[in-house]
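Colleague: My questions will all concern the structure given below.
The values are calculated or read from the model by the stated rules, or taken from the named source; none is laboratory data. Predicted model, so just to flag it, every value in this text is computed and none were measured. FYI the Cβ positions are ideal-geometry reconstructions off the backbone, even for glycines, and counts take in every protein chain you see.
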Amino acid sequence: MPGRARILLWSAVIALLILLPPVAEALKQTFYIDLLRRVMIFAIAAASLNLILGYGGMISFGHAAYLGIGAYAVGILAFHGVDSGWMQWGTAIAASAVVAAVIGAVSIRTSGIYFIMITLAFTQMLYYLGMSLEVYGRDDGMRIKTHSQFWGLIDLADPVSFYYLVLALMLASLYLVHRLANSRFGMVLRAAKSNEARSRAIGFSPYLYRLAAFVIAGALCGLAGALLANHTAYISPDFMHWTRSGEIMFMVILGGIATTAGPLFGAFTLLVLETLLAGWTEHWQVYLGPLLILSVIFFRRGLAGILPGARDA
Amino acid sequence: MSGALLEARGLRKSFGALRASDGIDFDVLEGETHAVIGPNGAGKTTFISQLSGDLRPDAGSIRFSGEDVTALRAPARSRMGFARSFQITSIYREFTALENVALAVQAHAGHSFRFWKPARSERALRDPARAILDEVGLGARAEVIAANLAHGEQRQLEVAMALATKPRLLLLDEPVAGMGNDETQRMVTFLASLKGRQTIILVEHDMDAVFSLADRISVLVYGRIIATGSPQEIRVNAEVRRAYLGEDA
Ligand SMILES: Nc1ncnc2c1ncn2[C@@H]1O[C@H](COP(=O)(O)OP(=O)(O)OP(=O)(O)O)[C@@H](O)[C@H]1O
Ligand SMILES: [Mg+2]
């Protein structure tokens with residue numbers, strides 16, 4: 001039952017995103033293609049976090065781990081001469097899923113502040129692992145010389161082709177999370193978030209469902225990591241820094257928790273704001289913090305909450 | 001006699017030095033409504049929580065339909081046929097009444113690793129849920145967000161969720177607590193309509209409700225059951241009058 005407002009909103013969003021590259025090229029502002037591609041990659045990461053944080057109530061403060069694993073999978077394989085995108089991205093997704101399964105298996109047994117701390121601790125471990133990998137550039141990171149290759153089907157070195165691939169993957173990701181959240185599986189997650197005692201009393205054991213959600217979210221964020229590595233042609237431990245986890249979390253909250261469109265709005269607003277402020281003053285971070293806090297106070301339900309058509313359940 | 005559906009033996013549960021359950025032996029017969037009464041802090045909720053699997057007893061055993069279920073947690077006991085309502089209303093506040101009950105139906109409709117089809121439009125979940133809402137008298141309120149229901153309606157909804165799991169044993173912890181007269185009357189009438197086809201353990205302070213619904217009554221004081229009997233027997237039991245009913249009279 002998609003209401004008219006929702007159809008209108010999504011048509012507008014998709015049309016704008018499709019039209020952006022030709023318009024930017026005509027105006028010789030190709031920088032925006034780059035910016036929006038980055039926005040959409042982070043929207044995938046934020047959508048994956050939204051599944052466990054927004055719908056599942058699991059406050060994972062370590063989601064950048066999967067961004068890092070996905071990016072390193074691409075970078076490391078490329079370093080060793082494996083250019084196949086199928087291999088690279090497949091590895092990125094699988095490795096992220098496996099790590100998410102391990103982190104999830106440990107952390108989901110806890111809740112509240114413990115859950116936050118454990119997910120943070122695991123990600124810090126991975127961050128320091130990245131810092132210590134001599135061959136792969138330690139804290140400097142390393143360049144990736146060739147983009148992922150897909151049998152010549154698509155050339156990621158072409159910024160516009162890559163842009164449209166990211167657009168397609170982002171829309172698919174948002175739709176995937178939307179379907180998951182409204183399936184029986186998603187209802188179990190949301191119910192356990194709403195009232196765990198009630199869930200257990202009617203016969204749900206939330207653990208395995210939460211773990212499955214955690215793994216799916218990790219895998220999806222791993223894909224975002226693989227895209228990010230191609231986007232920057234570069235990997236570094238900074239991808240896994242805790243501030244990065246915080247940023248993704250902020251995108252989810254700012255955009256509107258447990259909404260389909262929220263992660264895209266959140267990623268867009270945060271990254272565009274960052275870019276604007278950075279162009280204005282070098283102390284942009286000083287302004288960004290308070291702005292974000294105000295926006296959260298002002299838009300209690302996130303940006304999706306103020307746009308008719310985006311406030312889906 | 002069809003025998004006991006549930007048998008609790010020697011249940012003990014302490015919170016620090018406080019013995020909330022101090023060796024409770026308790027039976028429920030198939031089909032009966034067995035009320036548990038007792039003063040505030042007597043340990044009624046603690047007792048119910050051990051039956052439902054929310055609390056682990058320090059000692060003692062619980063048999064359900066002949067099987068030892070002492071080690072099972074709440075979800076497993078629910079799947080065996082236990083269902084409970086909580087003293088403090090426990091529902092999914094941000095979901096509609098229908099979604100609340102549909103979730104209870106879903107919990108007993110096989111595993112939920114179904115990732116694609118929208119659950120809210122599944123007839124297999126909605127239809128039974130709607131039927132139960134109609135049965136408890138909430139049919140007209142199906143699409144209302146649970147948090148926006150009146151207090152009495154929320155308590156009805158919780159009972160509806162419990163019933164949606166098709167329980168063999170219904171544990172009700174003060175189902176009419178905080179209700180007005182009309183609401184109480186409606187709930188009592190509804191519970192009376194379940195009599196015979198539903199086995200119930202009823203914890204309740206409202207003595208009119210207890211004496212009109214119970215087949216048997218057990219009196220719990222300081223973690224011990226001091227008497228069990230028919231409503232008539234309990235009404236005239238001297239020890240009970242002294243320990244408990246006397247306070248009301
Ligand atoms: N989790 C707990 N930790 C510590 N003490 C507890 C806990 N739960 C219950 N108690 C104590 O155990 C005693 C029995 O509590 P319980 O809630 O079972 O009583 P009750 O008979 O249900 O009372 P009421 O009629 O007020 O609902 C009380 O003194 C209570 O304070
Ligand atoms: Mg109580």
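Colleague: Residues that are more than 14 Å from chain B (Cβ to nearest Cβ): list the helices (runs of 4 or more DSSP H) wholly contained in the range A:180-266 that include at least 3 such residues.
Modeller: Fully inside the range A:180-266 and qualifying: A:206-232, A:242-255.
Colleague: Do we have any residue at all in the range B:206-216 that's of a type in the set (S, T, N, Q), away from ligand 1 (no atom under 16 Å from the Cβ) and crowded, with 19+ Cβ neighbours inside 10 Å?
Modeller: Within the range B:206-216 (the criterion being of a type in the set (S, T, N, Q), away from ligand 1 (no atom under 16 Å from the Cβ) and crowded, with 19+ Cβ neighbours inside 10 Å), the answer is no, since none of the residues qualifies.
Colleague: So which of B:78, B:14, B:21, B:90 is within 17 Å of the chain's Cα centre (by Cα) and within 16 Å of ligand 1 (Cβ to nearest atom)?
Modeller: From the options B:78, B:14, B:21, B:90, the qualifying one is B:90.
For (1) surrounded by 24 or more Cβ atoms within 10 Å (Cβ to Cβ); (2) over 28 Å from residue A:136 (Cβ atoms), each residue gets a yes or a no:
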site	(1), (2)
A:239	yes, no
A:243	no, no
A:253	no, yes
A:262	yes, yes
A:273	no, yes
A:284	no, yes
A:294	no, yes
A:297	no, yes
A:305	no, yes
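Colleague: Among the numbered criteria (1) over 15 Å from the mean Cα position of the chain (by Cα); (2) assigned to a helix (DSSP H, G or I); (3) within 16 Å of ligand 1 (Cβ to nearest atom), which one does residue B:47 miss?
Modeller: Going through (1) over 15 Å from the mean Cα position of the chain (by Cα); (2) assigned to a helix (DSSP H, G or I); (3) within 16 Å of ligand 1 (Cβ to nearest atom) one by one, residue B:47 breaks only (1).
Colleague: In this structure, does residue B:13 turn out to be modelled with pLDDT of 95 or more, more than 14 Å from every other protein chain (Cβ to nearest Cβ), within 16 Å of ligand 2 (Cβ to nearest atom) and more than 24 Å from residue B:196 (Cα to Cα)?
Modeller: yes
Colleague: For the range B:56-68, give me the residue count where each residue is surrounded by 19 or more Cβ atoms within 10 Å (Cβ to Cβ) and either within 13 Å of ligand 2 (Cβ to nearest atom) or among the aliphatic types (A, V, I, L, M) (or both).
Modeller: The total comes to 1.
Colleague: Please find, within the range B:171-185, the residue that is nearest to ligand 1 (Cβ to nearest atom) out of those that are among the aliphatic types (A, V, I, L, M) and in a loop (DSSP other than H, G, I, E, B).
Modeller: B:177
Colleague: Across the range A:25-79, which residue is nearest to residue A:251 (Cα to Cα) among those that are free of Cβ contacts under 8 Å to residues at least 40 places away in the same chain and hydrophobic (A, V, I, L, M, F, W, C)?
Modeller: So the residue we want is A:31.
Colleague: If a residue must be under 24 Å from residue A:190 (Cα atoms) and in a helix (DSSP H, G or I), how many such residues does the range B:50-79 contain?
Modeller: 7
Colleague: Which of the residues belonging to the range B:49-101 are on the phi > 0 side of the Ramachandran plot and either within 12 Å of chain A (Cβ to nearest Cβ) or in contact (Cβ under 8 Å) with a residue 24 or more places away in the chain (or both)?
Modeller: Answer for the range B:49-101, where residues must be on the phi > 0 side of the Ramachandran plot and either within 12 Å of chain A (Cβ to nearest Cβ) or in contact (Cβ under 8 Å) with a residue 24 or more places away in the chain (or both): B:53, B:60, B:65, B:81.
Colleague: Quick one: how many residues across the range A:93-148 are assigned to a helix (DSSP H, G or I) and not small (Gly, Ala, Ser)?
Modeller: Residues flagged as assigned to a helix (DSSP H, G or I) and not small (Gly, Ala, Ser) within the range A:93-148 amount to 26.
Colleague: So is residue B:150 more than 9 Å from chain A (Cβ to nearest Cβ), in contact with a helix residue (DSSP H, G or I) (Cβ under 9 Å, 6 or more places away or on another chain) and more than 16 Å from ligand 2 (Cβ to nearest atom) or not?
Modeller: Considered against the rule, which asks whether it is more than 9 Å from chain A (Cβ to nearest Cβ), in contact with a helix residue (DSSP H, G or I) (Cβ under 9 Å, 6 or more places away or on another chain) and more than 16 Å from ligand 2 (Cβ to nearest atom), residue B:150 comes out as yes.
Colleague: Inspect the range B:136-152 for any residue being surrounded by 16 or more Cβ atoms within 10 Å (Cβ to Cβ), of a type in the set (Lys, Arg), touching a residue at least 40 places away in the same chain (Cβ under 8 Å) and over 25 Å from residue B:46 (Cβ atoms) and give the result as yes or no.
Modeller: Yes: one or more hits.
Colleague: So, one more: In the same structural domain as residue B:11 (by TED's automatic domain parsing) and within 18 Å of residue B:43 (Cα to Cα), is that true of residue B:236?
Modeller: no
Colleague: Another one. When you check residue A:269 against the structure, is it over 21 Å from residue A:50 (Cβ atoms), at pLDDT 85 or above, in a helix (DSSP H, G or I) and not hydrophobic (A, V, I, L, M, F, W, C), yes or no?
Modeller: Here the answer is no, as residue A:269 does not meet what is asked.
Colleague: Kindly provide the set of residues from the range B:1-10 that are of a type in the set (Gly, Ala, Ser), at pLDDT 95 or above and surrounded by fewer than 17 Cβ atoms within 10 Å (Cβ to Cβ), ordered by number.
Modeller: B:10
Colleague: Sticking with this one: Out of all the residues in the range B:22-44, which are away from ligand 2 (no atom under 11 Å from the Cβ) and in a loop (DSSP other than H, G, I, E, B)?
Modeller: B:30, B:31, B:32
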